[in-house]
Amino acid sequence: MPELPEVETTLRGIQPHLDGRRIRRWIVRQPRLRQVITPDMPEQVAGQLICSLQRRSKYLLIGLERGSLLVHLGMSGSLRMVTAASPPRPHDHLDLLLDDGGCLRFHDPRRFGTFIWITHTPEQALRTHPLLKDLGPEPLGPDFSGELLYRRSRTRRVAIKAFIMDQRVVVGVGNIYANEALFQVGLHPARTCASLTVTECETLAATIRALLAAAIAQGGTTLRDFVNEAGQPGYFAQQLQVYGRTAEPCPRCGQSIQSQRIGQRSSFYCPSCQPPARN
């Protein structure tokens, strides 16, 4: 699944091509995505000016003159800028044709992506839409800190990994980056979050921030289905130290990386560098 760095990379790639452009037409080849594209949605969007683009967690919010488009890439979705005359490939489900001849094309083999038409401004949507209003702070924003992690972990008995992946605690820390952050800090993913110290929370918050910033700078994580807006893969996977490396030697101590299921997600850790602690 594209994680926060991939979504941010996509936003930065498509924004210069969309800002101030008018949507001439919305072509729907396959309406059955995670939420069905209803027949009236292309009519609602056509002719509107694109006023703003922003990311909230793993959602993209495209502000128009009379509403907004809320976009999620799902498990395998990607957005690319192409010319309107460019022939569609298999799984190219949606085209937003622009007034300058450009085209924002949505590609999604698994069809778990989402395009939702909202009759609110982006600012109103962030406050009121069910998918957005209860989200936690952005990990790269000023509201995310070690103090926040410490305070919110005091009454919780869940595993640390599940805790930092909870979108109500902090948004956008997906499975890959949760594994990598915990390895860098030396915290066992199954340890209970209430056992974290203030210092550990401060180190963990700083590591999450640095890891995501580095991933964005390098174009996101290379996953099988992810491509950026130019159709190229991200370039961060070569630096992943534990994710997906079961039985491989730890890059620090040489002991075999182990894996287990935590919160229905695969977790990867070094039993020597990330020893379990009393919960």
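In nm, give the distance between the simple-model label positions of residue 119 and residue 65, each being 7 Å from the Cα along the Cα-to-Cβ direction.
Between residue 119 and residue 65, the label points sit 1.8 nm apart.
Can you sort 177, 243 by how many other beta carbons sit within 10 Å, fewest first?
Placing the least packed residue first, the sequence is 243, 177.
If R₀ is 41 angstrom, what is the calculated FRET efficiency for the pair residue 148 and residue 85, using the beta carbon separation as r and rounding to 0.05?
So, using R0 = 41 Å, E works out to roughly 0.25.
Between region 69-86 and region 150-201, how far is it from one alpha carbon centroid to the other, in angstrom?
Here the answer is 32 Å between Cα centres.
What is the set of long-range amide H partners of residue 250 at a cut-off below 5 Å, with H atoms built 1.01 Å from backbone N?
For residue 250, whose amide H was placed from the backbone, the distant partners under 5 Å are 255, 256, 257.
Residue 131 to residue 248: FRET efficiency via 1/(1 + (r/R0)^6), r the Cβ-Cβ distance, R0 30 Å, to the nearest 0.05? All intermediate terms of the calculation are to be shown ahead of the outcome.
On the way: r = 37 Å, r/R0 = 1.23.
Computed FRET efficiency for residue 131 and residue 248 comes out at 0.20.
Could you tell me the largest-minus-smallest coordinate of the C-alpha atoms of region 79-197 on each of the three principal axes, in descending order and whole angstroms?
57, 32, 23 Å, listed from the longest principal axis down.
Name the most mobile residue of 189, 109, 130, meaning the one with the largest mean-square fluctuation, in a Gaussian network model of the chain with Cα contacts below 10 Å.
130
Per the helix-only calculation at 222 nm, which mean residue ellipticity applies to the chain, given -39500 (n - 2.57) for every DSSP H run of n ≥ 4 and division by its residues, nearest 500 deg cm²/dmol?
-7500 deg cm²/dmol
³J(HN,Hα) across region 103-116 via Karplus (A = 6.51, B = -1.76, C = 1.60, θ = phi - 60°), whole Hz, x for Gly/Pro?
3J(HN,Hα) across region 103-116, in whole Hz: 8, 8, 10, 9, 10, 7, x, 8, 6, 9, x, 9, 10, 10.
Using r as the Cβ-Cβ distance of residue 155 and residue 197, and R0 as 22 Å, what FRET efficiency do you calculate, to the nearest 0.05?
Approximately 0.85, to the nearest 0.05.
Which value results for Rg/Rh of region 6-165 when Rg is the Cα radius of gyration and Rh the Kirkwood radius based on the inverse mean 1/r?
Numbers: Rg = 17.3 Å, Rh = 17.0 Å.
Here the Rg-to-Rh quotient is 1.02.
Given the chain reduced to its alpha-carbon atoms as identical point scatterers, what log10 I(q)/I(0) does the Debye formula return at q = 0.12 Å⁻¹?
The Cα Debye sum returns log10 ratios of -0.77.
Near residue 215, within a Cβ-to-Cβ distance under 12 Å, what is the net charge of the other residues, with Lys and Arg +1 and Asp and Glu -1?
-3
Apply the Karplus curve 6.51 cos²θ - 1.76 cosθ + 1.60, θ = phi - 60°, to the phi angles in region 5-20 and return the couplings in whole Hz, x for Gly and Pro.
Result, rounded to whole Hz: x, 5, 5, 5, 4, 4, 4, 5, x, 8, 4, x, 8, 9, 4, x.
Quick one: 138, 147, 6, fewest Cβ neighbours within 10 Å first, how do they rank? Write down the numbers at each step before the final one.
On the way: 138 18, 147 12, 6 27.
Fewest-to-most Cβ neighbours within 10 Å comes out as 147, 138, 6.
Laboratory data are not the source of any read-out in this text; all were calculated from the coordinates shown. As the structure is a prediction and not an experimental result, all values here were calculated from the model. Here the Cβ is made from the backbone with ideal geometry for all residues, glycine too, and neighbour counts use every protein chain on show.
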